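Novice: Have a look at this one.
The values are calculated or read from the model by the stated rules, or taken from the named source; none is laboratory data. Since this is a predicted model, take the numbers as computed values, not measurements. A quick note on method: Cβ atoms are made from the backbone with ideal geometry, for glycine too, and the neighbour counts reach across all protein chains shown.
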Amino acid sequence: MSKLHITTSINGDQTEFLCNSDESLLDVLRDRLHLTGAKEGCGSGDCGACSVTLNGRLVCSCLVLAAETEGAEIATIEGMADGEKLHPLQRKFLEHAALQCGVCTPGILVAAKALLEKNPDPTETELRYWLAGNLCRCTGYDKIINAVMDAAAEMRGA
Amino acid sequence: MALDEYQKRDFKIIGTTPVRPDGVDKVTGRAQYGADFYLPGMLVGKMLRSPHAHARIKSIDVSAAKALPGVKAVVTGADFPATAKGDTLDVQEHCLANGVALYDGHAVAAVAAVDANVAKQALKLIKVDYEILPHVTNIEDAIKPDAPIVQAGRRGRHVPEGYSDNCTGWCEFGHGDLEAGFAKADKIITRTFKTSSTHQGYIEPNACLANMGADGRADMWCCTQGHFQVRNLCAQIMDMDQSALRVTASEIGGGFGGKTTVFIEPVALLLSQKAGLPVKLVMTRDEVFKASGPTVASMTDVRIGMTNDGKITAGDALIRYEGGAWPNSTIFPGAQSAFASYDLEAVRAQGLNTLTNRPLQAAYRAPGAPQSTYAVEAVVDELCEVLGLDPIDVRLKNAAQKGTKSSYGPTYDDIGLIQLLEAAKAHPHYSAPLGPNQGRGISNGFWFNFGGETSVSLALNFDGTITLVEGNPDIGGSRAAMSMMAAEELGIAYEKVRTIVADTASLGHNEVTHGSRVTFAVGLATIKAARAAKAEMCRRAAKIWGIDADAVVWEDGFAKPAGANAGEHDPMPIEKIAADSPRTGGPIVGHHEVTADGAGVSFGVHICDIEVDPETGFTKVLRYTVLQDAGKAIHPDYVEGQMQGGAVQGIGWALNEEYIYGEDGRLQNAGFLDYRIPVASDLPKIDTVILEIPNPGHPYGVRGVGETGIVPPLAAISNAMSRTIGVRMAELPMSPPRVLKAIKEKG
Amino acid sequence: MVMVTVWGSLRAFTDDRAAVEVEASTFKEVLDALSRDYPGLQVQIKAGVSMAIDGVIYKDAWFTPIRPDSEVVLMPLMVGG
Amino acid sequence: MQYAAPETGQQAAQLLAEGTGISRVLAGGTDILVQMKAGMIEPDLLVDIKNIKGIRDITPEDGGFRIGAAVSGAELNEHAGVCAMWPGVAEAFDLIGSTQVQGRCTLAGNLCNASPAADSVPAIVAAGAIARITGPNGDRDCPVGDIPIAPGKTSLAKGEFVSSILLPARPANASDAYLRFIPRTEMDIAVCSVGVSLTLDASGICTHARVALGAVAPTVLLVEDAANALIGSKLDDAALAALGAACTAACKPINDKRGTIAFREDVTAVLAKRAAGIAQQRAGGPL
């Protein structure tokens, strides 16, 4: 079976790759491009560990076919920091100890960033519902919520 | 033997909250987890699993799969060397069936191929001829004398008459005259409780990459709580020398006890051996639920007697656990911990384990304790309610303390239960008003905490920085804790210490990251390694100064003369001692190897408010407070994180999490959609109160904190539920259909 | 002599006694003495035991000293999560 | 598997009509990709309809709105006009999956996946929505409730796909609501669900109603007795009790991993009463 040739933008860089027609965007990111920040926790859109944005929309990359991304703009955790300068969300996650094992962290950061771009001043309830698709088994979510709320406050002030 | 490790002191770094050393990697996506490793020529491994709960494998024909282009190896259980014995053979047969499939999802064959699609096709070409056998997936049926037998020849030697041959273990703990105790009671309550099997629910599926050469030597990268354990188990199963296998632990995406054994690692090695190429094997989420981890399900009878003024006169429990198709020993900690919070004159806890056609249970945070504690704490609460007594007052009246003979035998040293209960009573949460359809529950919880084999090496680099090498995967921030303890002991900045989790070729054996042991045991070894390095640094300074080594003391990162008699010498900084070390005798390394004992038990008290929708049975957790004794909180944020995480896992267990089996013995909810772990919007803030009652067995007073937090929530929520709806619920999870049914039946 | 408390299900091998007296001054000597005097305990001792000595739980610590007045409780080996 | 992303509806229909083996439509992919991953289905042809011109648009039409088959939940919920006119449909659509799933899932996909528990379906059935079906021989319109005929099965012929859904205009003093029961607050499949759409007259009397139930039968149920219980009333306690009883009577649920028959019968009635109350309030009543 011949492979599909796809040209897309990932974290602002034009990227070309070959993929099978049934491969997910997550498979391509990880296994072909070795961008392993997005994790496969379930492969069925239930855990959010593979969250990326696709043309500005928060999606599970396991529920996107790589073939669909021709011409698309994709943003992953690898593009969140500006060089050595961490995004405020990343910094606040460290300050608030908002991660334990850290495997859900990239997905949660990508999701939280998408929320704050849409709603810079969410209530805690809005935040909890927005993040309901990002499972975390270690933290009980408490410190994650604190970190995002604090980052939002800082970003509004900036 | 009174322990005298603990010495009171003022800390500079311990108790602060610096950023964890692995933090930046984890917020930028750089951290490498089990599935994030790639090697040139790497193959993709996949497993074929039984769709039957119990079936004899009459034959497996792998010829068509082997012939498929791109397939490099196909293996079955018969391909393992026939050398493993005892418990290791059980582990091996759980990884890959040998003749009989014992549960839905039991692996029967595996392939390695050039890519995932070829591997998937190959699985379809494997022909397995099954003869379906009768199955049993629940305790009640499994212990009946006429039950289908899961594995013959496994009956435990102490199991009483009247139980089926599925019963593999029996135990009994306790002391005193039970009937005399019950005779003194004004009120006796007896109830039977059930809990469902639950999964650890770690977000990272089990994953490994194995690379075995034709010389029989191999490397492996995997997510595990104990890579030394992985090495030893794999070496035994593969009949290799332990030195022939080097295992490197990846970052671990959660474990909670579930990654303390092997599921796929020996299979990946076997595939790599046959293929002569590296093989990556990653479980799907479906496989994780079907074939790894779950905890035991339970059915527990509890009988407790109490006087009108709240004194418990006797307690008796029979716990029955089932943990899958192979024997396990979870009944021991289950029975031992059931009454561990109480000072009782007459107590007995008996445990019975039975086999079922389900995956072999794996440890889950304080394994065995939540189930038995739930039952005991629910009956204590009911007695309080019936007798009109405050549930904290009653627990205070009966609380175990220093000098109490515990329900499992030994006499307690310093423990903090009374302080916790007093703090709970004084907490504003406990006296906050409740609205309609709302209720409050509390519960105690206990866990032993472990020590175990530990090996640590601490190297002084020539610039005065420290490389600390330890051998336990960092599951909750332990590298930060180790760096802090090393820095504290050496009197240098936290940032000057980098802690590395080494592979199995770099240190002596380290027991699995389990039993809340790491901050205690690895911390203890780190402190002693640092002390060894300090002693050596003092000797080097003494040589330079030309004075006796015992005339030099270490203070705040400097060697100093001990007193005026030692002469006039400027304090010598660690940087200078490090820079001079090649010329003063060579590199300076402190190390410590020990089987750590004296972990110090831990208690917790939880307070929980819920609101129940009386028309739908939906339960909302309104407020939750965790109080726990940490001995000494090295990094308080991570201690809080452990307390919050444990509580939330317990909340999930109490309300919605369960393994659901069909009549066919197949697991019906092997995914995050229908195995319902709590999501962010399900939860309130989880408030925490850390108490510090020092553990005499650790230089800084540390107690393990990782596991205790999952013990109280089951009863705390159940007690809140009972007080809200006016019906005593005796089965977990208290899912909405069960709650609504109870409300309706009450009328 | 040291009094060693055994858990309930082991009493089948100690003449139904909750505690037995053995001649021992270390962890290992306790195990050796128990194995000798109460052969029925050998299976459990081989499978693994811990020992609580004066309230502190020791795992396989053979040379831990035990005084005649020490509280010694035999315990199963356990795993945690 | 062949992947095709045609630019017109006709091309898509042609591809689907001509495909041998298993052909499937890809819109948001939140069901089909899960089914493919689980090995439940292995399509030979996947026709991605998202590149069809106009299929991602929400267009005003005859006082209502036409929702393109590739409009995602997130996009629909950002559309003020739709949210104002059909809040029940918007909230039902919004309940599907996580924020991530909302970025992809579609009304048409939710309908054509033909799950008995699909969240948006009772809401659009209650709303009287009309699906536009594109096929090899052109377009045809069909009430949305006629499309799912059994779990996983639709009435669509080979080559046909839903290209848009029309949410019709509605009179003044009318609104809708949707409620579902799940054990958690999010990320679950409905155990039972109810969509209610109603119109009030100037005195607050209900003149028109449609009540649809989800997850309590193999397909969505439009319950006429339930609607009749509301019509002519001011949704007083007696009317609501009759509504609940009618819903319970209409249920044909099963016991499964998500709930029991008794639970679904009871809770459907509870949800119906609550949803009717919300719709009534949104419609401006009690007037």
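Novice: Quick one: A:Asp121 ticks every box in (1) within 14 Å of chain D (Cβ to nearest Cβ); (2) more than 23 Å from B:Gly650 (Cβ to Cβ); (3) of a type in the set (D, E, K, R) bar one, so which box is it?
Specialist: Result: A:Asp121 fails condition (1) only.
Novice: Of these, B:Arg703, B:Arg676, which one is of a type in the set (Lys, Arg) and away from chain A (no Cβ under 11 Å)?
Specialist: Criteria check complete, one pass: B:Arg703.
Novice: I want to confirm something. Restricting to region A:23-36 and keeping residues that are assigned to a loop (DSSP other than H, G, I, E, B) and surrounded by fewer than 20 Cβ atoms within 10 Å (Cβ to Cβ), which single residue is nearest to the other protein chains (Cβ to nearest Cβ)?
Specialist: A:His34
Novice: Something else now. State whether one or more residues within region B:295-310 are under 21 Å from B:Gly665 (Cα atoms) and within 14 Å of another protein chain (Cβ to nearest Cβ).
Specialist: Within region B:295-310, the first condition is being under 21 Å from B:Gly665 (Cα atoms), and the residues that meet it are B:295-299.
Restricting the remaining residues to those that are within 14 Å of another protein chain (Cβ to nearest Cβ) gives B:295-296.
Yes: one or more hits.
Novice: Please determine, by comparing only the residues of region B:1-45 that are loosely packed, with under 14 Cβ neighbours inside 10 Å and acidic (Asp, Glu), which one is farthest from A:Pro88 (Cα to Cα).
Specialist: Among those residues, the one meeting the criterion is B:Asp4.
Novice: Here is a further query. Scan (1) in the same structural domain as A:Leu135 (by TED's automatic domain parsing); (2) in contact (Cβ under 8 Å) with a residue 12 or more places away in the chain; (3) of a type outside the set (A, V, I, L, M) for the single condition A:Lys118 breaks and write down its number.
Specialist: (2)
Novice: Between D:Arg56, D:Arg24, D:Arg66, which is of a type outside the set (Phe, Trp, Tyr), in a loop (DSSP other than H, G, I, E, B) and closer than 22 Å to D:Thr134 by Cα?
Specialist: D:Arg56
Novice: Among B:Ala338, B:Ala291, which is the only one that is in contact with a strand residue (DSSP E or B) (Cβ under 9 Å, 6 or more places away or on another chain), among the small types (Gly, Ala, Ser) and within 30 Å of B:Val74 (Cα to Cα)?
Specialist: Details: B:Ala338 fails: within 30 Å of B:Val74 (Cα to Cα).
Exactly one residue qualifies, and that residue is B:Ala291.
Novice: Please give the number of the condition B:Pro81 fails out of (1) assigned to a loop (DSSP other than H, G, I, E, B); (2) farther than 26 Å from B:Asp104 by Cα; (3) away from every other protein chain (no Cβ under 14 Å).
Specialist: Of the numbered conditions (1) assigned to a loop (DSSP other than H, G, I, E, B); (2) farther than 26 Å from B:Asp104 by Cα; (3) away from every other protein chain (no Cβ under 14 Å), the odd one out for B:Pro81 is (2).
Novice: Output the number of the condition that B:Ala101 fails; it satisfies all remaining conditions of (1) surrounded by fewer than 24 Cβ atoms within 10 Å (Cβ to Cβ); (2) without any contact (Cβ under 8 Å) to a residue 60 or more places away in the chain.
Specialist: Failed condition: (1).
Novice: It is to be established whether one or more residues within region B:220-239 are surrounded by fewer than 24 Cβ atoms within 10 Å (Cβ to Cβ), small (Gly, Ala, Ser), over 22 Å from C:Gly80 (Cα atoms) and over 26 Å from the mean Cα position of the chain (by Cα).
Specialist: no
Novice: Another question about this same structure. Quick check on my filter: what residues within region B:72-90 are crowded, with 21+ Cβ neighbours inside 10 Å and under 30 Å from the mean Cα position of the chain (by Cα)?
Specialist: B:Gly77, B:Phe80, listed by residue number.
Novice: A further question on this structure: Is region B:94-106 home to any residue that is over 25 Å from B:Ala325 (Cβ atoms), of a type in the set (A, V, I, L, M, F, W, C) and outside the structural domain of B:Glu663 (by TED's automatic domain parsing)?
Specialist: no
Novice: Among the candidates B:Ser483, B:Ser443, B:Ser457, B:Ser407, which residue alone is farther than 30 Å from C:Trp7 by Cα and either assigned to a strand (DSSP E or B) or within 14 Å of another protein chain (Cβ to nearest Cβ) (or both)?
Specialist: That would be B:Ser457, the only listed residue that is farther than 30 Å from C:Trp7 by Cα and either assigned to a strand (DSSP E or B) or within 14 Å of another protein chain (Cβ to nearest Cβ) (or both).
Novice: Moving to a separate point now. Return a yes/no flag: does region B:496-514 have any residue that is surrounded by 24 or more Cβ atoms within 10 Å (Cβ to Cβ), in contact (Cβ under 8 Å) with a residue 40 or more places away in the chain, hydrophobic (A, V, I, L, M, F, W, C) and within 14 Å of chain C (Cβ to nearest Cβ).
Specialist: yes
Residue-by-condition table, conditions (1) touching a strand residue (DSSP E or B) at 6+ places or on another chain (Cβ under 9 Å); (2) of a type in the set (Gly, Ala, Ser); (3) under 25 Å from B:Ala480 (Cβ atoms):
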{"position": "B:Gly567", "(1), (2), (3)": "yes, yes, no"}
{"position": "B:Pro571", "(1), (2), (3)": "yes, no, no"}
{"position": "B:Gly586", "(1), (2), (3)": "no, yes, no"}
{"position": "B:Glu593", "(1), (2), (3)": "yes, no, yes"}
{"position": "B:His606", "(1), (2), (3)": "yes, no, no"}
{"position": "B:Leu622", "(1), (2), (3)": "yes, no, no"}
{"position": "B:Met643", "(1), (2), (3)": "yes, no, yes"}
{"position": "B:Ala647", "(1), (2), (3)": "yes, yes, yes"}
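Novice: Kindly list, by first and then second residue, each pair from a residue in region A:73-89 that is closer than 11 Å to A:Lys113 by Cβ to a residue that is assigned to a helix (DSSP H, G or I) and among the small types (Gly, Ala, Ser), limited to pairs with Cβ atoms under 7 Å and residues at least 6 apart or on different chains.
Specialist: A:Pro88/A:Ala151; A:Leu89/A:Ala112; A:Leu89/A:Ala151
Novice: Taking A:Leu127, is it touching a residue at least 12 places away in the same chain (Cβ under 8 Å), within 13 Å of chain D (Cβ to nearest Cβ) and of a type outside the set (S, T, N, Q)? Lay out the reasoning, then the answer.
Specialist: Numbers: touching a residue at least 12 places away in the same chain (Cβ under 8 Å): yes; within 13 Å of chain D (Cβ to nearest Cβ): yes; of a type outside the set (S, T, N, Q): yes.
Here the answer is yes, as A:Leu127 does meet what is asked.
Novice: OK, next. I need a count of the residues in region B:683-701 that are within 21 Å of A:Trp130 (Cα to Cα) and within 24 Å of the chain's Cα centre (by Cα).
Specialist: Matching residues across region B:683-701 total 3.
Novice: Then there is this: Does B:Ala82 satisfy being in contact with a Gly (Cβ under 9 Å, 6 or more places away or on another chain) and either free of Cβ contacts under 8 Å to residues at least 60 places away in the same chain or over 28 Å from B:Leu360 (Cα atoms) (or both)?
Specialist: no
Novice: Being among the β-branched types (Val, Ile, Thr), surrounded by fewer than 22 Cβ atoms within 10 Å (Cβ to Cβ) and touching a residue at least 24 places away in the same chain (Cβ under 8 Å) is the filter here; which residues of region D:238-287 pass it?
Specialist: D:Val270, D:Ile278 - these are the residues of region D:238-287 that are among the β-branched types (Val, Ile, Thr), surrounded by fewer than 22 Cβ atoms within 10 Å (Cβ to Cβ) and touching a residue at least 24 places away in the same chain (Cβ under 8 Å).
Novice: Considering region B:197-226 alone, what residues qualify as being over 24 Å from A:Cys42 (Cα atoms) and out of contact with any helix residue (DSSP H, G or I) (no Cβ under 8 Å at 6 or more places or on another chain)?
Specialist: Step one: of region B:197-226, the residues over 24 Å from A:Cys42 (Cα atoms) are B:211-219.
Residues satisfying the conditions are B:Gly213, B:Ala214, B:Asp215, B:Asp219.
Novice: Of all residues in region D:177-229, how many are surrounded by fewer than 24 Cβ atoms within 10 Å (Cβ to Cβ), of a type in the set (D, E, K, R) and under 18 Å from D:Ala276 (Cβ atoms)?
Specialist: 4
Novice: Now a separate question. Which numbered condition trips up B:Tyr624, out of (1) in a helix (DSSP H, G or I); (2) surrounded by 24 or more Cβ atoms within 10 Å (Cβ to Cβ)?
Specialist: Going through (1) in a helix (DSSP H, G or I); (2) surrounded by 24 or more Cβ atoms within 10 Å (Cβ to Cβ) one by one, B:Tyr624 breaks only (1).
Novice: Can you name the helices (runs of 4 or more DSSP H) wholly within region B:176-280 that have at least 1 residues being within 14 Å of chain C (Cβ to nearest Cβ) and not hydroxyl-bearing (Ser, Thr, Tyr)?
Specialist: By residue number, B:178-183, B:227-238.
Novice: Continuing with the same structure: For region D:97-174, which fully contained strands (runs of 3 or more DSSP E) count at least 1 residues that are buried (at least 20 other Cβ atoms within 10 Å of the Cβ) and within 16 Å of the chain's Cα centre (by Cα)?
Specialist: D:130-135, D:148-150, D:161-167
Novice: Here is a follow-up. In this structure, does A:Pro106 turn out to be away from chain B (no Cβ under 11 Å) and either in a loop (DSSP other than H, G, I, E, B) or out of contact with any Pro (no Cβ under 6 Å at 6 or more places or on another chain) (or both)?
Specialist: Details: away from chain B (no Cβ under 11 Å): no; either in a loop (DSSP other than H, G, I, E, B) or out of contact with any Pro (no Cβ under 6 Å at 6 or more places or on another chain) (or both): yes.
Criteria not met by A:Pro106.
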